[in-house]
1. May I ask you to derive the FRET efficiency for L295 and L267 from their Cβ-Cβ distance with R0 = 25 Å, giving the value to the nearest 0.05?
2. Treating only the Cα positions of segment 56-173 as identical point scatterers, give the base-10 log of I(q)/I(0) from the Debye formula at each q in 0.10, 0.11, 0.19, 0.24 Å⁻¹.
3. Using a basic spin-label model with each label point 7 Å from the Cα along Cα→Cβ, how many nm lie between L192 and T79?
4. Sorted from fewest to most neighbouring beta carbons within 10 Å, what does the list W115, W88, W196 look like?
5. Specify whether the C-alpha gyration tensor of segment 246-314 places it in the rounded, prolate or oblate class, a ≥ b ≥ c being the square roots of the eigenvalues: rounded for a/c under 1.5, otherwise prolate if a/b is larger than b/c and oblate if not.
6. How do M233, M274 line up, fewest other C-beta atoms within 10 Å first?
7. Which length gain, in nm to one decimal place, applies between E201 and R110 when the Cα-Cα distance is subtracted from 0.36 nm times their residue separation?
8. Ranking E281, E211, E145, E201 by Cβ neighbours within 10 Å, fewest first, what do you get?
Amino acid sequence: MLIVSIFAFFIVTFTLASIVVAISWMAFLKTRTEESEAEQGELEAGGKESSVIRTERLSTINFWDNLLARFDFMDILKTRIEQADLDWSVGRLTIAMALVGAVAFVILFRFMGFWPAFTGALLSASVPYSYVLRLRDKRFCKFSENFPDVLDSLSRALRAGYPLSASMDMVAAETAPPVSTEMRKTAAEANLGVGWNRALENLGHRVPLLEVNLFVSAVQLHSRTGGRLSDVMSQLAENMRESTALRGEVRSLAAHGKLTGVILTILPILIAAMMLYVSPEYMQVLWDHPYGKSLITAAVVCLALAHFVIRKIVDIKV
């Protein structure tokens, strides 16, 4: 038992030292990269011809940027960060995920075995990405709530005789983010020569909502066939309000199922905490058993999976 404790102590110490060294090395490389970029900017300002096209990097650390560029799914991470309206880079997000997972592994490995610590590290590493998805969903929800009012304003501007570009600029100046931000980007892209079709397609890529796709399809169809776009915008706004009201009713009906899932997830944890307080010897038998820690890990994983399954069942799409 003493040998195992000493071995575990050296593993934890080595892991912590590795994390500290890795962070210091990344900070050193980032400082060197920033200095080289500053020197390059001074040389370009001194007379050298600068490139018009700016290559966007995944990370400011050279070796980390080269490593991330080898994976295709990094484009998905980059898109999710942009949709969440965060100024993070893909490198910052992946480093945060790696550090959170490593710290969780070190802490859990001190009290549990390798596989429970590895499972907990994977779950902990997904926390930064879950935070990005949470901000993305909140932003899309706010966009969906304000978009019908924006379409009404756009319809009134078109009915008053304004062209589509001027109407988009007017709507962007009068509405609140995130709708105003996306409308301003779309109008700027179209006015800078990208074209309305491509600018609207970029809007649908940045905000992949059904309402936005309907708006994009209506404007593109109008550009080919003609007609009164103001009436189409008014009808779209009315239909979107009805759809929003229906989704609200569905969410209220599904709230009971979601609350049931939360209670069923928290209840075993509360019972275990109560047993630890009332009769710690009873729970100590499970902790000291050779398979006890594995059973605890399996129970926690099953609780998490059951919670997500229940939420998936009651998550009714309208």
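Values in this text are rule-based calculations from the coordinates and carry no lab data. All figures in this text were calculated on a predicted structure; none of them were measured in a lab. Using ideal geometry, Cβ is built from the backbone for each residue, glycine included, and neighbour counts are taken over all protein chains shown.
1. For L295 and L267, the calculated efficiency is 0.90.
2. For segment 56-173 at q = 0.10, 0.11, 0.19, 0.24 Å⁻¹, log10 I(q)/I(0) is -0.51, -0.58, -1.00, -1.19.
3. 2.1 nm
4. Listed from fewest to most nearby Cβ atoms, that is W115, W88, W196.
5. oblate
6. Final ranking by Cβ density, sparse to dense: M274, M233.
7. Result for the pair: 27.6 nm of gain on full extension.
8. Least to most surrounded, the residues fall as E281, E145, E201, E211.
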